[in-house]
């Protein structure tokens, strides 16, 4: 029972981490309007958006998912 909770908990954390990484990747890509504005006026300087602690949260969720899955698979069922 304990091994199942760690295994499935790691799976859920892994899916959460995957969703966070996908969200970070999508936010990193510029929008079409931004690309058109950059093409039309090269003087526009846009700063990269700050994602705050989202990257750190995604990395921690990934590490926890790997740890929980490893514990779940190591425990005898």
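The values are calculated or read from the model by the stated rules, or taken from the named source; none is laboratory data. All values reported here derive from a predicted model rather than from experimental measurement. Cβ coordinates were reconstructed from backbone atoms using ideal geometry, including for glycine residues, and neighbour counts include every protein chain displayed.
Quick look at the numbers
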{"read-out": "Selection from region 60-72 of residues that are in contact (Cβ under 8 Å) with a residue 24 or more places away in the chain and surrounded by fewer than 16 Cβ atoms within 10 Å (Cβ to Cβ)", "value": "66, 67, 70"}
{"read-out": "Members of region 4-29 that are touching a residue at least 12 places away in the same chain (Cβ under 8 Å) and surrounded by 14 or more Cβ atoms within 10 Å (Cβ to Cβ)", "value": "6, 7, 9, 10, 11, 13, 14, 16, 17, 20, 21, 24"}
{"read-out": "Residue match in region 26-43 (condition: part of a helix (DSSP H, G or I), touching a helix residue (DSSP H, G or I) at 6+ places or on another chain (Cβ under 7 Å) and at pLDDT 85 or above)", "value": "no"}
{"read-out": "Some residue of region 51-72 being modelled with pLDDT under 85 and within 17 Å of the chain's Cα centre (by Cα)", "value": "yes"}
